[in-house]
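Remarks on the structure that follows.
The values are calculated or read from the model by the stated rules, or taken from the named source; none is laboratory data. The structure presented is a predicted model; accordingly, all values stated were derived computationally and were not measured. Ideal geometry is used to build each Cβ from the backbone, glycine not excepted, and the neighbour counts take in all protein chains shown. When the accessible area is computed, the model is the full protein with side chains, heavy atoms only, and any ligands, DNA or RNA have been set aside. Shrake-Rupley method; radii C 1.70, N 1.55, O 1.52, S 1.80 Å.
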Amino acid sequence: MTKKIIDSAEEKFKKTLDALKKEYGTLRAGRAAPSLLDKVMVDYYGTPTPVNQVANVTVPEPRIILIKPYDKGSLKDIERAIQKSDLGLTPNSDGTAIRLAIPQPTQERRKEIVKVVSKKAEESKVAMRNIRRDANEAIKKLEKGKEITEDDRKDGETKVQKMLDKYIKQVDEVKSAKEKEVMEV
């Protein structure tokens with residue numbers, strides 16, 4: 001009985017960690033990465049569409065993102081979407097493709113990004129603690145309903161806690177790796 005609850009909790013822990021990694025991918029650390037454009041939506045024939053679905057996004061150089069639209073008519077729309085986004089980048093168009101030069105962030109900007117990295121990590125940890133709480137409540141409910149014994153409840157809660165500890169450690173590892181990447185000059 002408790003196995004199903006524990007497996008469900010682990011699945012949620014994994015999803016939370018994956019969401020954090022994806023979130024970190026969209027943070028600009030001074031290096032060009034196609035994932036920077038994941039949140040940029042282009043108004044493509046009246047439908048908000050991610051840039052990577054209307055164009056080929058590549059990184060030919062460490063500080064350049066090259067965007068080649070599949071449909072030349074969407075070039076201006078892509079430019080507009082990038083300018084409206086919170087990336088703070090200026091698109092350079094040559095009529096067939098858009099080049100985005102990724103500037104080196106200032107020390108002050110790096111510190112701001114590190115704060116955002118820490119905040120996102122803390123939000124993930126809070127989400128994981130909530131998952132633990134929900135799992136423990138479900139296990140206690142089974143004990144109250146006489147479906148499992150007190151020992152089974154304690155065992156289940158211990159397993160959930162160990163799993164939480166493992167995933168919190170992974171969040172910390174991902175966080176410090178991202179902080180290191182951001183502070184690199």
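Quick rundown of the values:
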quantity	calculated
Using alpha carbons only: equivalent-ellipsoid semi-axes of region 83-172, gyration tensor based, whole Å	48, 15, 10
Extension reserve of the Lys72-Thr90 stretch, reckoned as 0.36 nm per residue once the Cα distance is removed	4.6 nm
In degrees, nearest ten, helix 2-25 long axis to first principal axis of the chain (Cα)	20
Where labels lie 7 Å past Cα in the beta-carbon direction, separation of Met183 and Arg129 in nm	2.4
Cα-based convex hull volume of region 14-127 per residue, rounded to whole Å³	111
Region 87-185: trypsin sites (Lys or Arg not before Pro) in DSSP coil with no more than 14 other Cβ atoms inside 10 Å	Lys146
Helix 107-144 vs. the chain, principal-axis angle (Cα, 0 to 90°, nearest 10)	30
Contour minus Cα-Cα distance for Lys22 and Glu173 (0.36 nm per residue)	52.9 nm
Accessible area expressed per residue, region 1-62, with surrounding protein chains retained (probe 1.4 Å, Å²)	58
Ranked packing of 33-42, 16-25, most packed first, by mean Cβ within 10 Å	33-42, 16-25
Accessible surface of region 70-185 [probe 1.4 Å, protein heavy atoms]: carbon and sulfur percent	49
